[in-house]
Structure formats: C-alpha cells, structure tokens
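Working notes, structure below.
The values are calculated or read from the model by the stated rules, or taken from the named source; none is laboratory data. Small disclaimer: the values here were computed from a predicted structure and weren't measured. A quick note on method: Cβ atoms are made from the backbone with ideal geometry, for glycine too, and the neighbour counts reach across all protein chains shown. With ligands, DNA and RNA removed, areas are computed over all heavy atoms of the protein, side chains included. Shrake-Rupley method; radii C 1.70, N 1.55, O 1.52, S 1.80 Å.
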Amino acid sequence: MSKTTAVPARVSQGSTSPIPDMAAWRKAWMDATDNPNQFWLEATQEHVAWETAPTQGLDGDYDSVGEAPFKWFADGTLNLTVSCLDRHLADRGDKVAILWEADEPGEGRSITYRELHAEVCQAANALSALGVGKGDRVIVYMGMVPEAAVAMLACARLGAVHSIVFGGFSAEALRDRIVDCGAKCVITQDIGLRGGRKIRLKAVADEAMAGQDVDHCLVVRRTGDDVGWTQGRDVWWHDVVSAASTEHDAVIVDAEHPLFILYTSGSTGTPKGLVHTTGGYLTWTTWTTRVTFDLREDDVYACVADVGWITGHSYIVYGPLSNGATSLMFESTPLYPDAGRYWDMVERHKITVFYTAPTAIRALAACGDEFVTKYDRSSLRVLGTVGEPINPGAWHWYFDVVGDKHCTIVDTWWQTETGGHCITPIAPATPTKAGAASFPLPGILPQLVDANGRQLVGPAQGLLCLLHPWPGQARTVWGDHERYVDTYFSMFPGKYFTGDGARRDEDGYYWITGRVDDVINVSGHRMGTAEFEAALISGDAISEAAVVGYPHEIKGQGVYAYVVLAGGFTDGDLLKDLNGLCRRVIGAHARIDTVQVVPGLPKTRSGKVMRRILRKVAEGRAGELGDVSTLADPTVVESIIAGAKSG
Ligand code: WT7
C-alpha cells in the first residue's frame, strides 16, 4: 500500500473555532474521552440555550442499553427553537436565516431570523389550533420549500414529534410510516417542483391517508394546481398560518423528549423509525456544524441535501440555525437547467461553505470543467461531502476544479443513527487525504474489529464499531426498543456496530470502505435489499428475488436483481415492469439497474440465500467465488454465471 501524503488544511486564519488546529483537536479528543460528562456539559452550556441547564451528563451505557435507552443531560429542560430562533433576535434579527433558491435559477426568498421566528410562531399556533400538542406525531411530506423548515421548527416549538418522509416515497411507503408512528397530522404541499418537473405530493398523500386516522392535512400552496380536497380534514397553510398570531410561548420539554423520528432502511425488514431526542441532538448538531465547517458569522452556508434525509435535518435546519448562520435551501437539482447550477448559485449568493454528496460530484465532473470555471467561486472556503465513500478521482476534481486548490475538503462520515458528524476532517485543522474521513471528533471512540469481534490495532481493515455514547446518538427505534438493541448492539455486545467497514492507515486515518451488511447506498440514498425484494415479489411475475449492490461509476452502487419467474411469465419488458413495482411500493428513487432471470437462487441446505455469491457475480468477479460446496444445488451457480449481465 503506497503512503498517501496529506494536504494541509487550507484556510485557518480568522478561525474562531474551539478547534482551530490539530493540537486543539488532540486535547479536546483526550478531554472528551477521559471526562465525557464534563466535556459535554461545558459544551452544551456554551452552545445551546437551556431553560434549566443540565447538571447530569451521560446516564446509562451500551451494556445497559437493553434495559433502557441511555440519556444525556437528563435533568435539563429546553425548547430547541429558542436556540434556533429566539436567542438570535437581539443580535441577528435582520440577518438572513434561510436563503431559499427555488427551482428556477434566481427565484426564491430570503427569510430573516425575525421573519422566521414570526412564521414558526404562527405555524405553531395554527398546528395547536388543529389539535397538535406535545408528543403528537406529525408527518411532513414536502419538497424543499422554506415551509418545510418552518413545519419542523413549529413542531419542535410545540414539543410535537415530526417525521419527515422524503418526497420521492410512494403512497404505500408514506402510509406505512403514517401508521407506524400513529401520525394525527400530515403537512404537505400541492405540488413539488424539481428540475422543471411536477411532483404530485398532495395526491400521493391523499392516497396514503385514505382510510387512516389522520385528523388534519395542512397543505402549502406551491404552484396553485388543482388538488383533491377532503372537507374537514384538509386545511390550507395560507389560510390558517398567516392568520395566526406571531407570538407563541415555546413549550419547554425535558432534554430526552423526542424531537423527531426518521425512518431509515436496514439489512432486514421494514424501515425503522430512529428516534432523536432534543438536548443531546441539538448539542451535537450545533457543535459539529460549528467545528467541522469552522462556521463563521459572515458565512453563506449551503448544504444542498433534502430535508427528507438526516443531512437535511442536521445540516440545513438545526445545526446552522442554532449557530445563527445563513443557511441555503435548494429546491432544484444539480443539473437544472444545466450542470453549472451549483456554481451559478455559489457566484450569485457568494457561498462560503458548500456541502454535497459524491454522486453529485461524480455526475458533474463527467459534464466537463467549463460548467464550473465560468462562474466565480472565490467566495468558497470549505467544501463538504457526505453519504458515501468518495473516490480519489472525484475528490481531486472537487479540490482542484471546484475549489481551485484553495478550499479544504471535509469528507464527513456519519449516519442517520449518529445524528451528526462522527469521523471527519475539521476544516481549519486536519490535513486531508483524498478519500479518507480521517479522524474521530471528540466524543467518538472508533474501534476496528474482525468478524469475531476481536479488536484490531494499528493499521488494519475491519468492521467499524464505536465504543461510547455521544450526545447526538439515536436513542431507540420508535415503538421497538428491542429492534434497536438487536440491530446495533447484539453483533458485538457493549459496542455500537455501524454496519460499515473501514481501514485505518499507518497515520491513523480512517477510510470508510462501505456497508458490510445488506444495505445498498445508491446515490447516497440508503435502501435495504429486503425492501427491494419485498417489492419485486409483490407482483405476480416473480416468485423469488435476491437483490445486491455492485459498484457503479456515478451512483456509487447500482442495484442488481436476480429473479425467478413465476410459472407462465416470460422475460418481456421485465426491467421496466419491475421498476414500476419498485416505484409503487417504495418510491421513484428506488430503481433497479440490472435484472437477471435465474432458474433458482443459490441457497444453503438450510435455505439461506448465499448473497456473497450473488454479489461476486454482480461485481463481475465470478472467478473468485470460493467454496460453493455447501450449496443445496451447485448447478444453479453455473447457470447464474453463464447468464450474468454486466452492470
Ligand atoms: C451510511 C449512512 C450521513 C448522512 C447521509 C447518509 C455511508 C455516509 C460517508 C462518508 C463513506 C459514508 C455509510 C453510512 N456514508 N457518509 N463520508 N464516507 N461512507 O446517511 O442514509 O444514514 O447512510 O452512508 O455507509 O453507514 P444514511
């Protein structure tokens, strides 16, 4: 393995960060490791506005998590929106909080902290009048409009628990989530706009709510298109929110009061609703936004994710607003109207911190440098990436072409479960290596283990575990704590197993190698193979299906489906038909790239599908199959290899 030299951090002068250099990182990491309670109690009191400041740090641990969720700051009380809104009014009332760039370039809105505070209070009052109160669940099914952030904050203001469902999910997927969390209210919009296309959000929500116990549906008017209307249930946002009072007393909750539920895919079963609580999550997102990006008062910060995913929660809304930053919300796509859209925005808004996903970087790099270089990007200081491993080629393009070699790249590794960044460069401090997530933040204790859970020391490759709870970690799975314990803490007792593989190099840098479980990461969107398989066999044509991921040049991973046709069905326009099923059951973002009809799936004698074999074939590495003698019918493998398609 050749030694990779690190690129020194680019801009550190002018930093006011608690961690401006590597010496400070080393000290903070040691302090947080030796004395986590003191470290995080001090940090939270400095960065978060508490009603009652906590005196307790961590209560519980990974050994006792089976009995009860661990807690952070349990005796503290607060309302999160005070940190994100009220406390900024005195000094930053007229500062732009949300800079909304709508689907058409140059269209949008700037919303100051004062205006955002007023609108959140109005929305909270309106929701309250509709019967939403502390602890009630509210589903948000919207595109990237400012009202989505207002809706999140209004729920938090009331102590209601929001659950955002990404606008690409189908009616079936939305209904499952409405049912699982017992939502009494759904907030949506008439139509979503993305890349000039219309997304029928209200119509899909109507289908999902049919026959369900949803009291009210609050609808934002985005386009004015005609939509279906259920009298008594449906209410226009502009009717009830604009009419409500702009004052509202924030509902004070305990630190461990649930803030939101976010559904994510795992290796098995249906998506699970991870629960993030208020005080710890806010501490983690506030502190990591500040530290990782070296956030500064005059930054124009742009995270171009969607609020339907954890990145949007933590790094468009909660982290930036709690820091009093100007946070851009982007409704469109990187390719609309052309591949210059991001850099056009950088020039127009003088963006200083820009955060996106490797998939977008790869797709844009393939379009040519001129889409980048024709715009002025001199305002940029920090470039972030998240969601999947970034290959060195894409990293260098981001560094050389987009950042003109003067920006620092932060390759932030984290998960829905972790709430915020865990292993990442710190912009002013960490020398970066192309493709390495680098070092753990204070509070994060990584350990690499082998398949038997034995600790690996020094340079090594293994399974990534984290050894100690940090404030931002998800506490449970909604309604099913046993599933939480089973998913994350049963593989290696006493350790949180991330589901990722990682390598640690001779300088101690961590390189995330990707999922080692049956989770596929397509364009940074996480999907379970089990979900695809359930969708495929939901029709009549397929009797058995096994889905695996394989390397894909742009999307990171592609989706490869092996299917057994049911009697009487032929391989007609199979890919199209099966993608229709996936769209209906999961959503438009769930697409199969390759389908192969097989006579049977390779199974052990006990009936377990041997995915290892299917993965190798999909990767074009059928020559490395190894021992297949434990298979019930080894001839199946021969025909699978013979019929393999190149992905
Ligand atoms: C999975 C989590 C984190 C917010 C968006 C995705 C992969 C995430 C990186 C990175 C390599 C990464 C991991 C992780 N991942 N960031 N910087 N380098 N891999 O959140 O949907 O919960 O997915 O995304 O495999 O487990 P998510």
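Under 19 Å Cα to Cα from residue 616, which aspartates and glutamates show up? Leave out anything in the same chain fewer than 8 places away.
Within the straight-line cut-off, residue 616 pairs with 500, 517, 518, 533, 553, 593, 624, 627, 633, 638.
Based on the alpha-carbon gyration tensor of region 320-431 and its eigenvalue square roots a ≥ b ≥ c, which shape applies: rounded if a/c is under 1.5, prolate if not and a/b is larger than b/c, or oblate?
Values: a/c = 1.45, a/b = 1.28, b/c = 1.13.
The shape class here is rounded.
Mind putting a number on the dipole of region 227-283 about its Cα centre? Charges go on the C-beta only, +1 for Lys and Arg and -1 for Asp and Glu, and I need it in Debye to the nearest 20.
Numbers: 2 positive and 6 negative charges, 72 e Å.
For region 227-283, the charge dipole is close to 340 debye.
Kindly rank 436-449, 510-523 from highest to lowest mean number of other beta carbons found within 10 Å of each residue. Could you put the intermediate results ahead of the total?
Working: 436-449: 22.5, 510-523: 19.9.
Output ranking for 436-449, 510-523: 436-449, 510-523.
Lys and Arg at +1, Asp and Glu at -1: add these up for the other residues within a Cβ distance under 14 Å of residue 136 and post the number. Please list the in-between numbers first.
Values: positive: 134, 137, 157, 184; negative: 213, 215.
Charge balance near residue 136 sits at +2.
Give the residue list of GluC sites (Glu not before Pro) in region 6-80 that are DSSP loop and have at most 15 other beta-carbon atoms within 10 angstrom. Walk me through the numbers before you get to the answer.
On the way: sites: 42, 46, 51, 67; in loops: 51, 67.
Listed in order of number, the matching sites are 51, 67.
I'd like the antiparallel share, as a percent to the nearest 5, of DSSP beta bridges with both residues in the chain. Present the calculation step by step, with values, prior to reporting the outcome.
On the way: 60 of 100 bridges.
Within the chain, antiparallel bridges account for around 60 percent of the total.
For the chain, what does the helix formula give at 222 nm: sum of -39500 (n - 2.57) over DSSP H segments with n ≥ 4, over the residue count, nearest 500 deg cm²/dmol?
Working: 20 runs with 179 residues, N = 647.
Estimated from H runs of four or more residues: -8000 deg cm²/dmol.
Let me know the volume per residue of the alpha-carbon convex hull for region 106-254, in Å³. Walk me through the intermediate numbers first.
On the way: hull volume 16.6 nm³, N = 149.
Expressed per residue, the convex hull around the Cα atoms of region 106-254 is 111 Å³.
Please list 571, 344, 299 from largest to smallest accessible area, probe radius 1.4 Å, with all protein chains kept in place.
Values: 571 85, 344 30, 299 5 Å².
Sorted by accessible area, descending: 571, 344, 299.
For residue 491, what accessible area in Å² do you get when you roll a 1.4 Å probe over the heavy atoms of the protein chains, rounding to the nearest 10?
About 100 Å², rounded to the nearest 10.
Could you sort the peptides 302-315, 273-286 by per-residue average Cβ neighbour count (10 Å cutoff), highest mean leading? Write out the running numbers ahead of the final one.
On the way: 302-315: 24.5, 273-286: 28.1.
Final packing ranking: 273-286, 302-315.
For region 302-390, state which trypsin sites (Lys or Arg not before Pro) are in a DSSP loop and have at most 15 other beta carbons lying within 10 Å of their beta carbon. The partial results should precede the final answer.
On the way: sites: 341, 348, 350, 362, 374, 377, 381; in loops: 350, 374, 377, 381.
Within region 302-390, the qualifying trypsin sites (Lys or Arg not before Pro) (loop, at most 15 other Cβ atoms within 10 Å) are 350, 374.
Pull out the extension gain between residue 576 and residue 645, defined as 0.36 nm times the separation in residues minus the alpha carbon to alpha carbon distance; nm, one decimal. All intermediate terms of the calculation are to be shown ahead of the outcome.
Values: separation 69, 0.36 × 69 = 24.84 nm, distance 1.62 nm.
Roughly 23.2 nm would be gained on extension.
Under the 0.36 nm per residue contour assumption, what length would be gained going from the current alpha-carbon distance of residue 63 and residue 404 to full extension? Intermediate values should be presented prior to the final figure.
Working: separation 341, 0.36 × 341 = 122.76 nm, distance 4.78 nm.
The span from residue 63 to residue 404 would gain 118.0 nm if fully extended.
What does the charge count around residue 376 come to, taking other residues whose C-beta lies under 11 Å from its C-beta (Lys +1, Arg +1, Asp -1, Glu -1)? Intermediate results must be reported in sequence, preceding the final value.
Values: positive: 348, 350, 374, 377; negative: 344, 347, 404.
Surrounding charge for residue 376 is +1.
Rounded if a/c is under 1.5, else prolate if a/b beats b/c, else oblate: with a ≥ b ≥ c from the C-alpha gyration tensor eigenvalues square-rooted, which is the chain? List each step's numbers first, then the result.
On the way: a/c = 1.41, a/b = 1.18, b/c = 1.19.
Rounded is the answer for the chain, as its axis ratio a/c remains below 1.5.
By per-residue mean of other Cβ atoms within 10 Å, what is the highest-first order of 192-198, 15-21?
Values: 192-198: 15.9, 15-21: 17.9.
For the peptides 192-198, 15-21, the packing ranking is 15-21, 192-198.
First compute the accessible area of the chain with a 1.4 Å probe, then give the percent of it belonging to carbon and sulfur atoms. Walk me through the intermediate numbers first.
On the way: 11630 of 23550 Å².
The value for the chain is 49 percent carbon and sulfur by accessible area.
At what distance in nm do the modelled label points of residue 507 and residue 210 sit from each other, each positioned 7 Å from its Cα along Cα→Cβ?
Placing both labels 7 Å beyond Cα along the Cβ direction yields 5.8 nm.
Quick one: putting +1 on the C-beta of Lys and Arg, -1 on the C-beta of Asp and Glu, what dipole do you get for region 519-642 around its Cα centre, in Debye to the nearest 20?
On the way: 14 positive and 14 negative charges, 84 e Å.
Charge dipole, region 519-642, about its Cα centre: 400 debye, nearest 20.
Which shape class, rounded, prolate or oblate, goes with region 519-642 when its Cα gyration tensor gives a ≥ b ≥ c as root eigenvalues, a/c under 1.5 marks rounded, and past that a/b bigger than b/c marks prolate? Intermediate results must be reported in sequence, preceding the final value.
On the way: a/c = 1.84, a/b = 1.24, b/c = 1.48.
Since a/c reaches 1.5 but b/c is at least a/b, the shape of region 519-642 is classed as oblate.
Distance from a point 7 Å along Cα→Cβ of residue 335 to each backbone N in region 563-591: keep the residues under 18 Å and list them by number.
In region 563-591, the label zone of residue 335 (backbone N under 18 Å from the point 7 Å along Cα→Cβ) covers 588-591.
List the chymotrypsin sites (Phe, Trp or Tyr not before Pro) in region 396-428 that DSSP assigns to loop (not H, G, I, E or B) and whose Cβ has at most 15 other Cβ atoms within 10 Å. Which are they? Kindly include the intermediate steps, with their values, before the conclusion.
Numbers: sites: 397, 398, 399, 413, 414; in loops: 414.
Qualifying residues, ordered by number: none.
Stretch residue 612-residue 482 to full length: gain in nm at 0.36 nm per residue minus the Cα-Cα span?
Numbers: separation 130, 0.36 × 130 = 46.80 nm, distance 2.78 nm.
Taking residue 612 through residue 482 to full extension adds about 44.0 nm, to one decimal.
Could you size up the charge dipole of the chain around its Cα centre, putting +1 on the beta carbon of Lys and Arg and -1 on that of Asp and Glu, and report it in debye to the nearest 20?
In debye, rounded to 20, the chain gives about 980.
Restricting to Cα pairs below 8 Å that are 6+ residues apart, what does the relative contact order work out to for region 519-642? Please round to a whole percent.
For region 519-642, the relative contact order is 22 percent.
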